[in-house]
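The values are calculated or read from the model by the stated rules, or taken from the named source; none is laboratory data. Bear in mind that the values here come from a model prediction, so they are computed numbers and not experimental data. Glycine also receives a Cβ, built like all others from the backbone with ideal geometry; neighbour counts cover every protein chain displayed.
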Amino acid sequence: MRAARFDDIDDVMSLSSAGVSLHSTDSQGRTALHMASANGHLDVVNYLISNGVDVNAFNVEKNTPLHWACLNGHIEVVKSLILAGASVSALNSHERTPMDEAVSRGKMDVIDAINTAVAQVDLTGTSVS
């Protein structure tokens with residue numbers, strides 16, 4: 001998880017090759033995808049997604065990686081998560097969706113990114129929840 005948090009894609013790949021589960025969680029239920037998403041590390045996010053991690057995993061506060069990417073304004077990560085099937089309607093323990101979290105921080109560019117990504121997914125015929 002530390003490698004994902006600090007954008008060390010080489011370590012993430014090495015750990016995965018050595019058999020370390022990419023699905024591991026810490027004491028607060030955070031996954032490597034939560035950490036990479038929260039910190040805007042797109043290469044790590046895409047690597048984790050391509051290796052089958054759960055894009056809708058939630059931590060103890062029921063925040064998904066998309067919640068964290070929205071809170072922190074990481075537009076490209078937001079798009080990547082949505083295109084990979086992340087739920088835009090997931091509610092955290094405060095009854096907020098990822099979009100609600102973006103609005104709460106005044107991240108209107110994130111709202112635009114969500115709408116663009118959802119429209120792109122809709123055009124491909126994939127469902128977005």
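As a summary of the residue check, Asn115 satisfies the conditions (1) surrounded by fewer than 20 Cβ atoms within 10 Å (Cβ to Cβ); (2) at pLDDT 95 or above; (3) not small (Gly, Ala, Ser) except for the one numbered (2). A single entry from Val118, Val45, Val60, Val77 fulfils the requirement of being β-branched (Val, Ile, Thr), at negative phi, in a loop (DSSP other than H, G, I, E, B) and touching a residue at least 12 places away in the same chain (Cβ under 8 Å): Val60. For region 6-26, the condition of being in contact with a His (Cβ under 8 Å, 6 or more places away or on another chain) and closer than 11 Å to Pro65 by Cβ holds for none of the residues.
On the given criteria, is Leu91 surrounded by 15 or more Cβ atoms within 10 Å (Cβ to Cβ), modelled with pLDDT of 95 or more and in contact with an Asp or Glu (Cβ under 8 Å, 6 or more places away or on another chain)?
Working: surrounded by 15 or more Cβ atoms within 10 Å (Cβ to Cβ): yes; modelled with pLDDT of 95 or more: yes; in contact with an Asp or Glu (Cβ under 8 Å, 6 or more places away or on another chain): no.
So Leu91 does not fit the description; no.
Is it true that Asp43 is surrounded by fewer than 18 Cβ atoms within 10 Å (Cβ to Cβ) and either more than 25 Å from Ser21 (Cβ to Cβ) or of a type in the set (A, V, I, L, M, F, W, C) (or both)? Against the criterion (surrounded by fewer than 18 Cβ atoms within 10 Å (Cβ to Cβ) and either more than 25 Å from Ser21 (Cβ to Cβ) or of a type in the set (A, V, I, L, M, F, W, C) (or both)), Asp43 does not qualify.
Would you call Val60 surrounded by 18 or more Cβ atoms within 10 Å (Cβ to Cβ) and of a type in the set (A, V, I, L, M)? Working first, answer last.
Working: surrounded by 18 or more Cβ atoms within 10 Å (Cβ to Cβ): no; of a type in the set (A, V, I, L, M): yes.
It is false that Val60 is surrounded by 18 or more Cβ atoms within 10 Å (Cβ to Cβ) and of a type in the set (A, V, I, L, M).
For region 94-103, taking the residues that are touching a residue at least 24 places away in the same chain (Cβ under 8 Å) and part of a helix (DSSP H, G or I), the one that is surrounded by the most Cβ atoms within 10 Å (Cβ to Cβ) is identified as Pro98. Looking only at region 63-79, residues that are surrounded by fewer than 22 Cβ atoms within 10 Å (Cβ to Cβ) and under 15 Å from Ala117 (Cβ atoms) come to 4 in all.
When Leu71, Leu48, Leu22 are checked against the criterion of being in contact with a helix residue (DSSP H, G or I) (Cβ under 8 Å, 6 or more places away or on another chain), of a type outside the set (Asp, Glu) and at pLDDT below 95, Leu22 stands alone in meeting it.
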